[in-house]
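Asks: Input: one structure, supplied below.
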Amino acid sequence: MATKPSFRFRLFSLWALGLFYYLSPKQELLAVDGLTRNANNARYEGLAGTNTALGGSAIDVTLNPANLSLRKGRVLEFGFTNSTINTRYQDQFLDKDPKNIYSNDVKSTLNAPAPYIAFKTPITDNIDYGIAFFVPGGAAGGVDKILRNTPNGQNTNEWSGLNLVSPLGDSRQIRESNSNQFAVVKLVNGISVKLGNLSLGASIEGIYGYQRLNQKYYDVTGNIEIPGQGYYYESSKKAFSLGGILGANYTINDWVRIGYSYQAHSSLPLNGGYTVGVNNPYYYRKTGVSYHFDLPEKHSLGFAFGPEGIKFAIDFVYSNYGSYLRKANQTLEDPWLPTPLGNIASADAHLNFRDQGGVQLGLEHKLNESWTYRLGYSYNNLLVKSNGLGGTTGGFFSIHHVFAGGFSYSFDTWSIDFGASYNAPRNKIYGGKGTDWDLSHAIKTGPTDFNGLGYSYNAESTFLNVTLGASKKFE
């Protein structure tokens, strides 16, 4: 009798693979700081994200709203970032039976654009208002037909219940595909109030999130889809939430300014539906799912030094991902999730994210009335280590060492802005034993034998972000 693969293991592989994508050898995040973008406009891209005390852009409403007071008059800015992400995923399975041995080595390149637009205007001499629409982060990726063993170690016909011709049906190996699409979009409104040398600010974020996950299995050639083994998840179109930002800056003198911003925790209700047993009317089921995805708190303390024509800035950033994304849980409306203890209605994904701290450095030099040049560098500790690595997450979850540069050309009331940043190559991250992805690729090799040590995997990534923007000031 054919035995269906563990749906719990399949959920594990998809969520560690996909929950945030935070997931894929095609993994492709928009330029990120943790799970969000490192810079929200072209100016800050060239400064490696440094902004907290520097300020002076309309996009400050999304970062430190107190800084809206630093730029006089009405200002409109807009542009887009393109992130080119290069990733490599490798795995292998070793066993005393040569029929169970396989390896994968997948390289991919993805381009991911993200737009932004922001506007600020004075309300009174001491109060400024700002509004911005932008994409802080997202994902689009997956593994495409990677080689693996059947989850229970049987041959393809025994595992799937099909009657494929030999040698296809006799093979213990199949192809696995996972895909994920995830996006977060924000509309932010905020104000700043200037009280002498002190400015205070607050913003309200309207947050929209969307996610789709899909998993399929194929025969060893990758040409015949195995029915009844796949599943598909899609969040509802009502995944809205609210967030908030508080900020302050204080001008000590003409040469020194200090800033602080706090971004509150928010939770996206990614409730939706799961379709289980895709492409097989005998197994096909559809059920609702309850799930909330948490965006962590973020603290940033910054300093800016220098006269008006040349500024050096430094930010210290901390996000408590570990408080919210150690584990993710989905609750199904129906108990169709089979486990050794029976069918249940709950699926856990162990993400094991760590708290993340970083430092960002930026230098901005106004050469003359037309040209301004920028340089930047940032360092963040990795958000994901071996126990948080999925088959496709790699170190993709976070920037590490980033080098940046950019410039602005100003004429009349316009400024054309360009920024670029490069996440330097890093050493491979090797997946830990006992993780969701590791367990989902272990196999039972006999009545009493279980090979839980033969599977190993690693991943690495680099990315190049290029941001082009423009700003216009209104007299």
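The values are calculated or read from the model by the stated rules, or taken from the named source; none is laboratory data. Owing to the predicted nature of the structure, the values given are computational and were not obtained by experimental measurement. A quick note on method: Cβ atoms are made from the backbone with ideal geometry, for glycine too, and the neighbour counts reach across all protein chains shown. Heavy atoms of the whole protein, side chains included, go into the accessibility calculation; ligands, DNA and RNA do not. Shrake-Rupley method; radii C 1.70, N 1.55, O 1.52, S 1.80 Å.
Asks: Given the range 154-221, report the % of alpha carbon pairs whose separation exceeds 20 Å.
Replies: 62 percent
Asks: Turning to a different aspect of this structure: So what is the accessible area of the chain per residue, in Å², with the probe set to 1.4 Å?
Replies: 40 Å²
Asks: Which residue, ALA304, ILE85, PHE407, has the largest displacement toward the positive end of the dipole of the chain when charges sit on each Cβ (Lys, Arg +1; Asp, Glu -1)?
Replies: ILE85
Asks: A further question on this structure: Which aspartates and glutamates, on any chain, are close to LYS96 with Cα under 19 Å apart, when same-chain ones fewer than 8 places away are left out?
Replies: LYS96 reaches ASP170, ASP438, ASP449.
Asks: Now for a different question. Give the value in nm², to one decimal: projected area of the alpha carbon convex hull of the chain, averaged over all directions. Show your work: numbers first, answer last.
Replies: Values: hull surface 88.8 nm².
Reported value for the Cα convex hull: 22.2 nm².
Asks: Along the positive direction of the dipole of the range 119-261 (beta-carbon charges: Lys, Arg +1; Asp, Glu -1; about the Cα centre), which of LEU195, ASN163, ILE258 reaches farthest?
Replies: So the residue furthest toward the plus end is LEU195.
Asks: For the chain, what is the calculated [θ] at 222 nm in deg cm²/dmol (nearest 500), taking -39500 (n - 2.57) for each run of four or more DSSP H residues and dividing by its residue count? Walk me through the numbers on the way to the answer.
Replies: On the way: 4 runs with 26 residues, N = 475.
Rounded to the nearest 500, the figure is -1500 deg cm²/dmol.
Asks: Would you work out the charge dipole size for the chain about its Cα centre, treating the Cβ of every Lys and Arg as +1 and the Cβ of every Asp and Glu as -1, and quote it to the nearest 20 debye?
Replies: 260 debye
Asks: Here's another thing I want to ask about it. Ignoring ligands, DNA and RNA, what percent of the accessible area of the chain is carbon or sulfur (1.4 Å)?
Replies: 59 percent
Asks: Straight-line reach from LYS194: which aspartates and glutamates have a Cα under 12 Å away, not including same-chain ones fewer than 8 places off?
Replies: Within the straight-line limit of under 12 Å, LYS194 reaches these aspartates and glutamates: ASP125, ASP128.
Asks: Something else: Strictly over 29 Å apart at the Cα level, which of LYS237/LYS433; LYS99/LYS286; LYS120/LYS327; LYS366/LYS472; LYS99/LYS327 would you flag in this model?
Replies: On the way: LYS237/LYS433 37 Å; LYS99/LYS286 36 Å; LYS120/LYS327 39 Å; LYS366/LYS472 18 Å; LYS99/LYS327 35 Å.
Where the Cα-Cα span goes over 29 Å, the pairs concerned are LYS237/LYS433; LYS99/LYS286; LYS120/LYS327; LYS99/LYS327.
Asks: Could you give me the ³J(HN,Hα) list for the range 399-412, computed from phi with Karplus coefficients 6.51, -1.76, 1.60 and θ = phi - 60°, whole Hz, x at Gly and Pro?
Replies: So the J values, rounded to whole Hz, are 6, 10, 9, 10, 10, 9, x, x, 7, 10, 10, 10, 7, 6.
Asks: Lysines near LYS428 by alpha-carbon distance under 16 Å, same-chain residues fewer than 8 away left out - which ones?
Replies: The qualifying lysines are LYS26, LYS107, LYS385.
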